[in-house]
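This report concerns only the one structure given below.
The values are calculated or read from the model by the stated rules, or taken from the named source; none is laboratory data. On a predicted model such as this, the values are computed, not experimentally measured, just so you know. Cβ: placed from backbone, ideal geometry, glycine included. Neighbour counts: every protein chain shown. Only protein heavy atoms, including side chains, enter the accessible area calculation; ligands, DNA and RNA are left aside. Shrake-Rupley method; radii C 1.70, N 1.55, O 1.52, S 1.80 Å.
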Amino acid sequence: MLTLRECPVFQPFERASLAFAFQLRVLRPDGSEPRSAYRISNIYNAVLGRSPGLEADRRDRAKWLFGASQSFLNDITTGVPGTNGRPLLLAAEALETGAPPAMVTLQRPESWDYEYEGTAVSLQVPPERRELRMAMQDHFCVFESGRIFYLLVLSNLPGERSPLDEYSTIQAEQLAIEPDYAADSDFLSIGRSGPQFSVLEFVRNRLAELDSGKEEPVSECANAIADVLRPFGVLPPGRNFATPRSEDLCNAMVQIEDEALFDTARHAFFHYRMPAPEDVQGPEDEVQKPHPQWVIDADRAWAEANVPGADCHCDAHHTLGFGPDEEESAIPRQLLAFAGLAQGVPDFPRQDDSEIHDSTRPVSVAPENLFFVHPSFELDVGKNWRTLREAQASVGGCPYALLTWMIAVHDELIVSDMERMIERMIFGPVDQDAQLAEIGRATPLKNLAHVLDKVSTLIPSYTKIIDDNLAQRVDIFRWCSIHQSGNVFRYPTERELLGSIREARGTRQRFEDAHALLDRYENLVEDVSTLQASYTSARTNWLLAAITFFGVLGLPGTLSGTFGLTNADALLATVGILAFTAALFTFWLNATQLRRSRKSS
């Protein structure tokens, strides 16, 4: 294994916030997971509005849980929670006015490992960068769709710089990229004044601390579970949150306010931005401009500070050391480190220009902020971030960014659930006792094809298959389609940012593709049902014709016995009746065709 030491180019950031979103599951006593939607606006109005609901004393307690974030969010959104898909964001536990947030220690190991193209690398963590003291805030985020998230937010202590640099931030991002790390206390641990736990175990303990399992409050401080979630049926009596698993860590968010990092991010954006074809006047327009002097000076200072000396037990973390043919990258260290930060990869010194270009493309550019989206996390970088500074002590991060991030995460989970339901509808469920060879093989639309193959048989009975298909499509509509978030934000900046994030994650296109597939599938089901109905109608007509034929055979005898006619007269009367009936039928057909031709003309 190759041993290298961390050598950050960025000093600890001026201000930073880490947020981890755990999706919570509600369990019945028997262990099943019921699905339920929530009337978010009713809950909000019962606590903060004029709607009847909680008793006065409990309402006063519950209000404390909303105060930190609502004053920010109500100003930029189109309505109260529940409007256009806006979720309910409330603090897990209320703090007294002016009370400092809880302090935790994020403990990094002496070294952490990664692998790059078959080479195992151990990164040594400097002793002064191992113990990171941070403030902790936590929240619940509840959506109308029935999805509930627990948010663990870590930020710098009030009045202090953040202890995070690019390495510790990348290591935190790895929790969201590889959620199994969240259960590994040797990779990263967290604790308050007592012992250290893995991030997952810390969240489990915190939820157990918040949820006493009782419907009545048990502490003086307002508690989101006891004062809001249980009274309003989000967590009904007898039901509890399931123990979070590693895979329940569904996404993360990093917010950083730092002038040096912001300047680097903007330089990377403009330095690697490709000109539009119409702007290219000659070969010189396609050549990258040289780096500014401040980038060159910072890169030189970093290189001089990280020259191995006699007291260094291992080499610095750069491209050298991977093999005799490796050369040091000519890309400035700041750009390499920022590209690693934007992608959450510790092997950032090995990137080339094309990788830097891809890594440093923001989804949204604002005068004071740049926003980057990774499938597992979101990175927001600012230079003069007012709302982050003002809300960090109470919320832990910028409420606008938190809300935008959670809506994007929620919609992505909704469309993923929708795609899984469509997949089950098309390929069918996998039996619990299925053999290995049966798991990877499937027949698309097997039930529908079976109906089509047997539709011409004498007595088909496939109504249940059609009914089940309709029930599946109704489930997709009521649990997925109607819960896509709408126009939550009032102002163009936040609205365009959310649209850009959805575009980068592919959420919007995935929703459109899923609904288009459902529409085509519905048309197929209708065509098969129509064909089945036509065959059924034809069989019914043949049956009626047979009954009529046998009835006609007995008509002469009926006439003879009723009216006393001879057999010849009865037969002649039968022929006359049939001729009259045929004439009436012909007249009806001609009249129908004439009426249709007049309508068409």
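Number of residues in the range 231-262 that are closer than 19 Å to Asp138 by Cα and open to solvent by less than 50 Å² (accessible area, probe 1.4 Å) equals 15. Screening Leu73 with (1) touching a strand residue (DSSP E or B) at 6+ places or on another chain (Cβ under 9 Å); (2) at pLDDT 90 or above gives one miss only, at (2). Counting only helices (runs of 4 or more DSSP H) that sit completely within the range 325-435, those holding 3 or more residues that are over 30 Å from Glu247 (Cα atoms) correspond to 333-343, 353-359, 386-391.
Selection over the range 136-170 of residues that are within 14 Å of Ala21 (Cα to Cα) and part of a loop (DSSP other than H, G, I, E, B) gives a count of 2.
For the range 399-410, check the following and say yes or no: at least one residue is touching a residue at least 60 places away in the same chain (Cβ under 8 Å) and in contact with a Lys or Arg (Cβ under 7 Å, 6 or more places away or on another chain). There is at least one residue in the range 399-410 that is touching a residue at least 60 places away in the same chain (Cβ under 8 Å) and in contact with a Lys or Arg (Cβ under 7 Å, 6 or more places away or on another chain).
Please go through the range 39-51 and give me each residue that is open to solvent by less than 30 Å² (accessible area, probe 1.4 Å) and in contact with a Gly (Cβ under 6 Å, 6 or more places away or on another chain), ordered by number. Matches in the range 39-51: Ile40, Ala46. Criterion applied to Pro324, Pro349, Pro283 was being at pLDDT below 90, farther than 25 Å from Tyr114 by Cβ, of a type outside the set (S, T, N, Q) and out of contact with any strand residue (DSSP E or B) (no Cβ under 6 Å at 6 or more places or on another chain), and the one residue passing it is Pro283.
Looking at the range 81-128, the strands (runs of 3 or more DSSP E) lying wholly inside it that each contain 2 or more residues that are surrounded by fewer than 19 Cβ atoms within 10 Å (Cβ to Cβ) sit at 102-107, 111-116, 119-124.
Restricting attention to the range 354-389, the residues being without any contact (Cβ under 8 Å) to a residue 60 or more places away in the chain and farther than 15 Å from Leu261 by Cβ number 5.
Taking first residues from the range 487-500 that are in a helix (DSSP H, G or I) and partners that are among the small types (Gly, Ala, Ser), the Cβ contacts under 6 Å between residues at least 6 apart in sequence or on separate chains come to Leu497/Ser364; Ser500/Ser364.
Among the residues making up the range 1-26, those that are under 22 Å from Val409 (Cβ atoms) and assigned to a strand (DSSP E or B) are Ala16, Ser17, Leu18, Ala19, Phe20, Ala21, Phe22, Gln23, Leu24, Val26.
Among residues of the range 253-275 that are in contact (Cβ under 8 Å) with a residue 24 or more places away in the chain, those with a Cβ under 8 angstrom from a residue that is in a helix (DSSP H, G or I) and of a type in the set (Phe, Trp, Tyr), sequence gap 6+ or separate chain, pair up as Met253/Trp405; Leu261/Phe338; Asp263/Trp294; Thr264/Phe338; Ala265/Phe338; Ala268/Phe338.
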